[in-house]
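Worksheet: the structure to be examined is printed underneath.
The values are calculated or read from the model by the stated rules, or taken from the named source; none is laboratory data. For clarity, every value in this text was computed on a predicted model and none was experimentally measured. In this analysis, Cβ positions are derived from the backbone assuming ideal geometry, glycine residues included, and neighbour counts consider all displayed protein chains.
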């Protein structure tokens, strides 16, 4: 999909995703001290807004201006003082003006070449000691799980993501497949009471 297709998708409903942060993002980052963060492929900003409510200074990046506008409205309705910046740009190539403490990539499902560019670019954004957290639909979800993209070319494993980081000497905190119970109401789709499989990678820059 291109930006215009996502604009249409975001314009077609009040919210495509939930107002709450992704469960793995919240679980992994709840105890991390607040600093500066980038949310790549932020969509309507649920993870960016959650981070900002916890004291982070967040830049939310997405190529859908419609999604970003919705996120900005949601944030303003919640708390107009939140430290959030909304940037319409390609998440696979955008660069911040200075290093940050955290980069989140949640469900950026793109071809391997684009994913590698995004992952390595995200790592390059970090200052030493900074954290990169990636959550995505796992390749095994296609045959063992439910919902999510049905194109294997945009799915990945934790091992794929670590291979993307090869040569960068990242300290791996966590890299594994994780289960997510879903229902038909889940924003990523799926059958009632089934398990979706995601990959989760958390690394720290040396």
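Below, the figures for the structure above:
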quantity	calculated
Only one of 138, 151 that is touching a residue at least 60 places away in the same chain (Cβ under 8 Å), more than 19 Å from residue 168 (Cβ to Cβ) and either exposed (fewer than 14 other Cβ atoms within 10 Å of the Cβ) or touching a strand residue (DSSP E or B) at 6+ places or on another chain (Cβ under 7 Å) (or both)	138
Test: residue 30 is surrounded by fewer than 21 Cβ atoms within 10 Å (Cβ to Cβ) and either closer than 27 Å to residue 120 by Cα or in contact (Cβ under 8 Å) with a residue 24 or more places away in the chain (or both)	yes
Identity of the residue in the stretch 90-123, without any contact (Cβ under 8 Å) to a residue 24 or more places away in the chain and either in a helix (DSSP H, G or I) or within 15 Å of residue 62 (Cα to Cα) (or both), that ends up farthest from the chain's Cα centre (by Cα)	113
Of all residues making up the stretch 43-68, the number that are in a helix (DSSP H, G or I), within 21 Å of residue 30 (Cβ to Cβ) and over 13 Å from the mean Cα position of the chain (by Cα)	2
Whichever residue in the stretch 141-159 is in contact with a helix residue (DSSP H, G or I) (Cβ under 7 Å, 6 or more places away or on another chain) and either part of a loop (DSSP other than H, G, I, E, B) or under 19 Å from residue 27 (Cβ atoms) (or both) and, among such residues, is modelled with the highest pLDDT	155
Check on residue 162, assigned to a helix (DSSP H, G or I) and under 15 Å from residue 197 (Cα atoms)	no
Enumeration of residues in the stretch 180-206 that are modelled with pLDDT of 95 or more and loosely packed, with under 13 Cβ neighbours inside 10 Å	206
Conditions (1) within 15 Å of residue 204 (Cβ to Cβ); (2) in contact with a helix residue (DSSP H, G or I) (Cβ under 7 Å, 6 or more places away or on another chain); (3) surrounded by 18 or more Cβ atoms within 10 Å (Cβ to Cβ): number failed by residue 101	(2)
Some residue of the stretch 69-77 being touching a residue at least 24 places away in the same chain (Cβ under 8 Å), in a helix (DSSP H, G or I), in contact with a strand residue (DSSP E or B) (Cβ under 9 Å, 6 or more places away or on another chain) and crowded, with 24+ Cβ neighbours inside 10 Å	yes
